[in-house]
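> I am attaching a structure below and will ask some questions about it afterwards.
The values are calculated or read from the model by the stated rules, or taken from the named source; none is laboratory data. All of these numbers come straight from a predicted model, not from anything done at the bench. Neighbour counts are summed over all protein chains in view; Cβ atoms, including those assigned to glycine, are modelled from backbone coordinates with ideal geometry. In case anyone asks, the SASA skips ligands and DNA or RNA and just uses the protein heavy atoms, side chains included. Shrake-Rupley method; radii C 1.70, N 1.55, O 1.52, S 1.80 Å.
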Amino acid sequence: MAYGQTGTGKTYTVGRLGNDDPSEGGIMVRALEHILSVMSLETDSVAISFLQLYLESVQDLLAPEKTNIPIVEDPKTGEVSLPGAAKVEIRDLQHVFQLLQIGEMNRHAANTKMNTESSRSHAILIRSSRIEDGSNTSLPNGTDNLFPDNLPLVLKSKLLIVDLAGSERIDKSGSEGHMIEEAKFINLSLTSLGKCINALAENSPHIPTRDSKLTRILRDSFGGTARTSLIVTIGPSSRHFSETSSTIMFGQRAMKIVNTIRIKEEVDYESLYKKVEHEVDHLTSEMERQQKLKNSEKMQLEKKLKESEASLNDLKVTSNMQIENMAMEKRQLESTIKRLMLDLEKEKGKNNILSEQIIHLETSLDENKQKQLENISNTNILADTTKSHEKKIRELLKQLEDERSRSASMNDHLNVLQQQLSDAQNYFQENIACELEKQLSRTTEEFASQISSLEERIADLISEKELVYEELKSTQEKMQQEMRHRQGLEDEILRLKQSLADNCSEESKALCGMVRSGSGLGSVPFMSKSGKSRELLSSQRSNISKIFEEVGLPNVLALLKSDELEVQIHAVKVVANLAAEDVNQEKIVEEGGLDALLSLLETSENTTIHRVTAGAIANLAMNGSNQGLIMNKGGARLLANIASKTDDPQTLRMVAGALANLCGNEKLHVMLKQDGGIKALLGMFRTGHNEVIAQIARGMANFAKCESRVISQGHRKGRSLLIEEGVLNWMVANSSAFSASTRRHIELAFCHLAQNEDNARDIILTGGIKELLRISRESSRDDTRNLAKKALNSNPAFFKEIQ
């Protein structure tokens, strides 16, 4: 920063370009040349902004159409920035020369007695850089497990080179006309800079950085986190001894200031988030694909298992049937063998009998032989008998041989049957094995065919995955387009904010001009200024209408749900201004604007949101068709809740205005009381703020007037709901304590309450007769006086009390 008297060489030291001779280049050129020599175009980016502070207005020297650029302060970090200024990325030194020449051409300068090219504005060159760093050495301890080793870091830096306009005395510089105004603003900003330097040098608890835009921009440069160098320039002439002394003292005070240098290194969470999000999406899709593949394989295996179980059950049933058949055949064979054995036993019995007979015959033969020996005489007879017996014996022996052969044949037949039985068992087992082998081969072939079908299915899934990837890519492009569209809407809102801020600043300047020049000028300047204010208001509304037509109501309402508080606030302001016009109210309600406002009123904790949202609802509540919707959606309850939680007069004024509009609908009075709206309206008396009380009085007048009309038509009887809430004592005590408009509303409400005969006793007990008499004589409105006289004359209780 270069500081000193005009004409002492500040611009020569800081801003000289040195096109012909590089050794003649100033600090701006030398600094940017050094930065370009050490930077890497692949990983680093450098951009510059060239501004001037002229007549307390920040102007862009690279884009002259940008004037009165706002100064924005980050509420979290306190960092000061100029978002409206043009930022130009520089590529080489020749590009820098071109930009600085453009800036110098657009800078204000003039010819004075002390300098032929005196700078009439403060020039500020802002250079910002961004350096990518892949290391994570600056991360806090304990976070190594949370972030990868190649975590992207960003090292940001900002260099301000300031060529201050020189302080000057008008008698020495010879400034005239508009140059006097320029000198005034230059000296004013330099004075503010000097105050800040003094406060920092003396360790004062308050640094008046907000006294000037110059000190706001340079807040980080002194007493902040930047490394600051100060160039003090002085003139050798003894004629300027006082200016030289003041400049040197300024430098001595500045040397006492200690800045805390801090490197601004931060994690590039945006790129990290995109990378992690891409990885998560990829892993999620891969997991889903694997899960689907596993599920399909599981289903196929379960299907095969069920088919195998069914085949096994069939085989078991078939085997059981074959086993049962074989068992039946076995039983039949066993019964046949038993029958043959019985026949064999019978044959054996017969053989035994024959043997016994043979033995008996042999014994008989022996006896016969003995008898032959004894009876030789009977030899012939015995011979014949013996022959006959021998013949019988031969027959019996032949019969015995036959029986033996039959028994042997039966044994052979039995062996054959047993062999057949064993052969049948072996054959059945071989058949079962063959059947099982055939079934196994068929199952194997089916399994192979299923595997081939699964492979075909996997190929189909891969093709489907590619299609889904294409659809995902198109969806991401659509989302990016939506994000760009949303960013455009937010930029429009910020532009609207700037327009509103400019209008408000111009209006405040106009009002300041009125106050300073008000003595002795009459009312003509006031009328012209008022006309200008109305023109500013109409132009503001036309700007809002234009933005509304370009952006569209649905997009404006969508910004009410934005995560950024500033965007929400400005979106609500736009909706509130739109709601002030009757033609827009129906569209706002149809597009869900009322629901969005009530939701914002319920969920937000910000006082500004509460104030502006209540104002928007108040505008909508001016329409009778919207009043019922507001009540049915719990609007009165939400307004009452806000009134109980805040003490901000402006917020309470908006809430009271909304409730006052709702009081003008007699159909909603009972619901308004049940939701606590009347109690909340009367409870806001505690603030004592005139504008809040004016809205409360208007609401009471609306309520009492509608209630009086309903009672006079016979639709309702009984005491007033306002009297039940205890408002009568306050009205009697304070009806003449406020402004004329507030007093008229209170008097009107009191007179309407007096029209109801059921309220007469309460009015008499609170001393309201005297107030009615006063209103009938002193009220500034004829209709109010007539209402008071009508109440006094028509009510016998009042007439008796007067007598």
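> Which one of these is free of Cβ contacts under 8 Å to residues at least 12 places away in the same chain and open to solvent by 30 Å² or more (accessible area, probe 1.4 Å): N632, N729? Talk me through it step by step, then tell me what you get.
Working: N729 fails: free of Cβ contacts under 8 Å to residues at least 12 places away in the same chain.
Exactly one residue qualifies, and that residue is N632.
Residue-wise test of (1) within 44 Å of the chain's Cα centre (by Cα); (2) open to solvent by less than 60 Å² (accessible area, probe 1.4 Å); (3) not hydrophobic (A, V, I, L, M, F, W, C).
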position: R169; (1), (2), (3): no, no, yes
position: E181; (1), (2), (3): no, no, yes
position: L188; (1), (2), (3): no, no, no
position: C196; (1), (2), (3): yes, yes, no
position: E202; (1), (2), (3): no, no, yes
position: H206; (1), (2), (3): yes, no, yes
position: Y269; (1), (2), (3): yes, no, yes
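> Going by what's in this entry, would L397 be described as part of a helix (DSSP H, G or I), at pLDDT 70 or above and surrounded by 12 or more Cβ atoms within 10 Å (Cβ to Cβ)? Break it down stepwise before answering.
On the way: part of a helix (DSSP H, G or I): yes; at pLDDT 70 or above: yes; surrounded by 12 or more Cβ atoms within 10 Å (Cβ to Cβ): yes.
So L397 passes the test.
> If you go through region 635-662 one residue at a time, how many are assigned to a helix (DSSP H, G or I) and open to solvent by 30 Å² or more (accessible area, probe 1.4 Å)? Write out each step before concluding.
Initial filter on region 635-662 (assigned to a helix (DSSP H, G or I)): 635-645, 649-662.
Going one step further and asking which of them are open to solvent by 30 Å² or more (accessible area, probe 1.4 Å), we end up with 637, 641, 644-645, 649-650, 653-654.
Residues flagged as assigned to a helix (DSSP H, G or I) and open to solvent by 30 Å² or more (accessible area, probe 1.4 Å) within region 635-662 amount to 8.
> Within region 272-280, is there a residue that is among the hydrophobic types (A, V, I, L, M, F, W, C), surrounded by 11 or more Cβ atoms within 10 Å (Cβ to Cβ), assigned by the TED database to the domain that holds I197 and modelled with pLDDT under 90?
no
> Collect the residues in region 58-96 that are assigned to a helix (DSSP H, G or I) and open to solvent by 30 Å² or more (accessible area, probe 1.4 Å), keeping them in residue-number order. Please lay out each step first, then the result.
First pass over region 58-96, keeping only residues assigned to a helix (DSSP H, G or I): 93-96.
Within region 58-96, L93, Q94 qualify.
> Identify, by number, the condition in (1) in contact with a Pro (Cβ under 7 Å, 6 or more places away or on another chain); (2) open to solvent by 100 Å² or more (accessible area, probe 1.4 Å) that M287 doesn't meet.
Only one criterion is unmet by M287, namely (1).
> Does any residue of region 239-262 turn out to be among the acidic types (D, E) and over 24 Å from Y54 (Cα atoms)?
Restricting attention to region 239-262, the residues satisfying the condition of being among the acidic types (D, E) are 243.
Of the ones still in play, those that are also over 24 Å from Y54 (Cα atoms) are none.
No, region 239-262 contains no residue that is among the acidic types (D, E) and over 24 Å from Y54 (Cα atoms).
> Something else about it: Taking region 602-629 as the region of interest, how many residues are under 20 Å from T651 (Cα atoms) and either open to solvent by 50 Å² or more (accessible area, probe 1.4 Å) or modelled with pLDDT under 85 (or both)?
Residues in region 602-629 being under 20 Å from T651 (Cα atoms) and either open to solvent by 50 Å² or more (accessible area, probe 1.4 Å) or modelled with pLDDT under 85 (or both): 6 in total.
> Counting just the residues of region 587-611 that are among the charged types (D, E, K, R) and part of a loop (DSSP other than H, G, I, E, B), which one comes out nearest to L557 (Cα to Cα)? Show your work before the answer.
Step one: filter region 587-611 for residues among the charged types (D, E, K, R), giving 587, 590-591, 595, 602, 605, 611.
Right, trim to part of a loop (DSSP other than H, G, I, E, B) and you get 591, 605.
Working: E591: 8, E605: 19 Å.
Top of the filtered list is E591.
> Taking the stated definitions as given, is N584 closer than 16 Å to L681 by Cα, in a helix (DSSP H, G or I) and free of Cβ contacts under 8 Å to residues at least 40 places away in the same chain?
Working: closer than 16 Å to L681 by Cα: no; in a helix (DSSP H, G or I): yes; free of Cβ contacts under 8 Å to residues at least 40 places away in the same chain: yes.
When the stated conditions are applied, N584 does not pass them.
> Out of all the residues in region 301-313, is one or more open to solvent by 100 Å² or more (accessible area, probe 1.4 Å), under 30 Å from D423 (Cβ atoms) and part of a helix (DSSP H, G or I)?
no
> Look at T318 and say whether it is part of a loop (DSSP other than H, G, I, E, B) and open to solvent by 50 Å² or more (accessible area, probe 1.4 Å).
No, not satisfied.
> Here's a follow-up. Look through S245, S229, S238 and report the one residue that is open to solvent by 60 Å² or more (accessible area, probe 1.4 Å), of a type in the set (S, T, Y) and modelled with pLDDT of 90 or more.
On the way: S245 fails: open to solvent by 60 Å² or more (accessible area, probe 1.4 Å); S238 fails: modelled with pLDDT of 90 or more.
Within the list S245, S229, S238, the selection yields S229.
> Let me confirm something: among R262, R253, R289, which residue is in contact with a helix residue (DSSP H, G or I) (Cβ under 8 Å, 6 or more places away or on another chain) and either closer than 24 Å to S157 by Cβ or not assigned by the TED database to the domain that holds L193 (or both)? First the steps, then the outcome.
Values: R262 fails: in contact with a helix residue (DSSP H, G or I) (Cβ under 8 Å, 6 or more places away or on another chain); R253 fails: either closer than 24 Å to S157 by Cβ or not assigned by the TED database to the domain that holds L193 (or both).
Just one listed residue meets the conditions, R289.
> Tally the residues that are β-branched (V, I, T) and in contact with a Pro (Cβ under 9 Å, 6 or more places away or on another chain), restricting the search to region 13-43.
Applying the first criterion (β-branched (V, I, T)) to region 13-43 yields 13-14, 27, 29, 35, 38, 43.
From what's left, in contact with a Pro (Cβ under 9 Å, 6 or more places away or on another chain): 29.
Residues meeting the conditions: 1.
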